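The values are calculated or read from the model by the stated rules, or taken from the named source; none is laboratory data. Keep in mind that what you see is a predicted model, and the values were worked out from it rather than measured. With ideal geometry, Cβ positions are generated from the backbone for all residues, glycine too; neighbour counts draw on all protein chains shown. These accessible areas exclude ligands, DNA and RNA; they are computed on the full protein's heavy atoms, side chains included. Shrake-Rupley method; radii C 1.70, N 1.55, O 1.52, S 1.80 Å.
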Amino acid sequence: MVALGVDYNILLSTRARKEAVGQGTRRGMLTALAATGGVITSAGTLLAAVSACSACCRWSP
């Protein structure tokens, strides 16, 4: 779970740095959040759903 958070932090930071070159730091960060926010939120939702299913369901060998 921590690795997923680090990966998406790197994704957001890289995109923010790229956008900040042309738009400035504040506007670049807002653009990066708008562009990557859906992907990061979707991944977090999926991880939460899988974790909930794993915690609630009984697995038969």
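Numbers for the structure displayed
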| read-out | value |
| --- | --- |
| Mean shadow area of the chain, taken as a quarter of the surface of its Cα convex hull (nm²) | 4.8 |
| Accessible surface, the chain, averaged per residue in Å² (probe 1.4 Å) | 80 |
| Local electrostatic count at Gly28 - Lys and Arg +1, Asp and Glu -1, tallied over other residues with Cβ under 12 Å | +4 |
| C-alpha long axis of helix 25-56 to longest principal axis of the chain, angle in ° | 0 |
| Inter-site label distance for Ala20 and Cys53 at 7 Å from Cα along Cβ, in nm | 3.8 |
| Cβ-derived FRET efficiency at R0 30 Å, Arg27 paired with Asp7, nearest 0.05 | 0.75 |
| The chain, dipole about Cα centre (Lys/Arg Cβ +1, Asp/Glu Cβ -1), debye to the nearest 20 | 160 |
| Among Leu4, Cys53, Thr25 the positive-end extreme of the charge dipole of the chain (Cβ point charges) | Thr25 |
| Portion, in percent, of the accessible area of the chain that falls on carbon or sulfur, probe 1.4 Å | 65 |
